[in-house]
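Reviewing the structure listed below.
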Amino acid sequence: MSAMKYTVRILTLILMLCNLTLALNAQERKGREEHIEKFRSMKIAFFTERLELTPGEAEIFWPAYNEHEKEKREISRYKHFRSRNIDERLENMTDEEAEEMVDEMMEARKKEVQLAAAFHEDLKKILPPKKVMRFYITEIQFREYMLRRIRDERGGGPKKKGENPPPGSLLP
């Protein structure tokens, strides 16, 4: 076989592998997006049922909540990005770099607290006090519900006695 044919076959193989890799990444990204959308739909159903929002409350609540969640995700992404591989990088950091990173982490935490406080003030303008309290309880209940679901999907142990199932519309 000539060197030219060999080179063409190698290049063709490389291109096919690259194409396959791109296709798999696109498929994985689509699956991840579908999973996120399913999660959001479940969350909306869970919160809507538990909070018993009036149409007027829902019209104001959901845009405010969605904006709050978007800002929260941005802070979380920043924190995650900055702390990625921190153990490996710490060994080669100067004290000044470490101090700067810790200060940035604390600043991100401050932003989270400020964001939560601002959203709380918004909630008090949107919902009556009991529904504000129910919102915070619902957040905890949803987090516990999702953790149970994940554990159950992964085959983790029996359910505890007395665990409340999610609202009827969310049962599998």
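Table for the structure above
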| quantity | calculated |
| --- | --- |
| Pairs where the first residue, in segment 76-104, is part of a loop (DSSP other than H, G, I, E, B) and the second is surrounded by 12 or more Cβ atoms within 10 Å (Cβ to Cβ), C-beta under 9 Å, 6+ apart | Met93/Met101 |
| Residue within segment 71-88 that is closer than 22 Å to Ala45 by Cα and acidic (Asp, Glu) present | yes |
| Residue count, segment 90-129 (criterion: of a type in the set (A, V, I, L, M, F, W, C) and exposed (fewer than 11 other Cβ atoms within 10 Å of the Cβ)) | 4 |
| Residue pairs meeting the criteria (Cβ under 8 Å; at least 6 apart or on separate chains; first of a type in the set (Phe, Trp, Tyr), in segment 122-138; second surrounded by 11 or more Cβ atoms within 10 Å (Cβ to Cβ)) | Phe135/Phe47; Phe135/Leu51; Phe135/Leu123; Phe135/Leu127 |
| Qualifying residue in segment 137-147 (condition: surrounded by 15 or more Cβ atoms within 10 Å (Cβ to Cβ), at pLDDT below 95, within 21 Å of the chain's Cα centre (by Cα) and of a type in the set (D, E, K, R)) | no |
| Qualifying positions in segment 74-133 - of a type in the set (Asp, Glu) and more than 18 Å from Ala64 (Cα to Cα) | Asp87, Glu88, Glu91, Asp95, Glu96, Glu97, Glu99, Glu100, Asp103, Glu104, Glu107 |
| Qualifying residue in segment 123-141 (condition: closer than 24 Å to Arg40 by Cβ and of a type in the set (S, T, N, Q)) | yes |
| Of all residues in segment 60-70 being of a type outside the set (Val, Ile, Thr) and farther than 18 Å from Phe39 by Cα, the one that is surrounded by the fewest Cβ atoms within 10 Å (Cβ to Cβ) | Ala64 |
| Residues located in segment 71-95, provided they are of a type in the set (D, E, K, R) and closer than 26 Å to Ile36 by Cα | Glu71, Lys72, Arg73, Glu74, Arg77, Lys79, Arg82, Arg84 |
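The values are calculated or read from the model by the stated rules, or taken from the named source; none is laboratory data. Here the structure is a predicted model, which is why all the values come from computation and not from measurement. Neighbour counts run over all protein chains shown; Cβ positions are idealised from the backbone, glycine included.
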